[in-house]
Amino acid sequence: MLYRDFAKIIKEKREDIGISQKDMAMSLGLNRSSYNKIENGKMEPSFSTLQAICRLLSLDLTEILELKKPRGEHIRLYD
């Protein structure tokens, strides 16, 4: 999974459950502009922010991380 795929997943999930970007940003302790950059694939969240996003959107962090990793290879989470 490329980072832009993750960004698409979180945007779709947020919209599906009816949370605004402003409310997500406030819940994460970010300004709306920073959250918008994360959601649009222009900025990578810290690991703690990634955990919080997954928690708020009821996403399984382990599944998100495993989607990216090819078997037997160690690579960065985000391309």
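No value in this document is a laboratory result; all are computed from the given coordinates. Remember, predicted model here, so these are calculated numbers, not experimental data. Cβ coordinates were reconstructed from backbone atoms using ideal geometry, including for glycine residues, and neighbour counts include every protein chain displayed.
In nm, to one decimal, how far is the modelled label at Lys8 from the one at Leu59, with both set 7 Å along Cα→Cβ? Going from the Lys8 label point to the Leu59 one covers 1.3 nm.
Please work out the FRET efficiency for the pair Met26 and Phe47, using the Cβ-Cβ distance as r and a Förster radius of 22 Å; give the result to the nearest 0.05. After rounding, the FRET efficiency stands at 0.60.
Once backbone amide H atoms are built at 1.01 Å from N, Met43 has Ile38 as its partners under 5 Å, excluding neighbours fewer than 5 places away on the same chain.
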